[in-house]
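Notes follow once the structure below has been shown.
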Amino acid sequence: MTEEPFTDVVIRALTDVAPDIDPATIDPDADLAEQLDIDSMDFLNVIVAIHEQTGIEIPERDYGKLATLAGAVSYLAAAPRPTTPADA
């Protein structure tokens, strides 16, 4: 899967948590919490929203890998996909 859908997923999660965010202003290599002025609880809500949209498990030890937009997209693109009964 290409990274583009994951960019959309992360942007959607960010704008769900902080609707005032202008996605066009996000620097993909800058820390999301700092540049968007979101706190740790908001960041956790972003992680939860990403999981809900993708089904990809994100363990707490990996949260730092999602600190930037580019990092989050790379992490999601490389993550194992969840299996569903239809996939089995």
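We did not get these values from a lab; they are worked out from the coordinates using the rules stated. Note that this is a predicted model, so its numbers are computed, not measured. All Cβ positions, even for glycine, are placed from backbone atoms using ideal geometry, and neighbour counts span all protein chains on display.
Estimated from helices alone, the mean residue ellipticity of the chain at 222 nm is -15000 deg cm²/dmol (sum of -39500 (n - 2.57) over DSSP H runs with n ≥ 4, per residue). Of Pro19, Pro59, Pro28, the residue with the greatest mean-square motion in the GNM of the chain, using alpha carbon springs below 10 Å, is Pro59.
Across segment 4-78, C-alpha contacts under 8 Å between residues 6 or more apart give a mean separation that, scaled by the residue count, equals a relative contact order of 40 percent. Scalar couplings 3J(HN,Hα) for segment 21-34, obtained by applying the Karplus form with A = 6.51, B = -1.76, C = 1.60 to θ = phi - 60°, are 5, 9, x, 5, 9, 6, 7, x, 9, 9, 4, 5, 4, 6 Hz; x denotes Gly and Pro.
Classification of the chain by its C-alpha gyration tensor yields a prolate form. The axis ratio a/c (a ≥ b ≥ c) is 1.5 or more, and a/b outweighs b/c. With springs only between Cα atoms under 10 Å apart, run a GNM on the chain and tell me which of Ala78, Ala30, Ala49 wobbles the most. Among Ala78, Ala30, Ala49, the largest GNM mean-square fluctuation belongs to Ala78.
For segment 1-79, the set of chymotrypsin sites (Phe, Trp or Tyr not before Pro) satisfying both a DSSP loop assignment and a count of at most 12 other C-beta atoms within 10 Å is empty.
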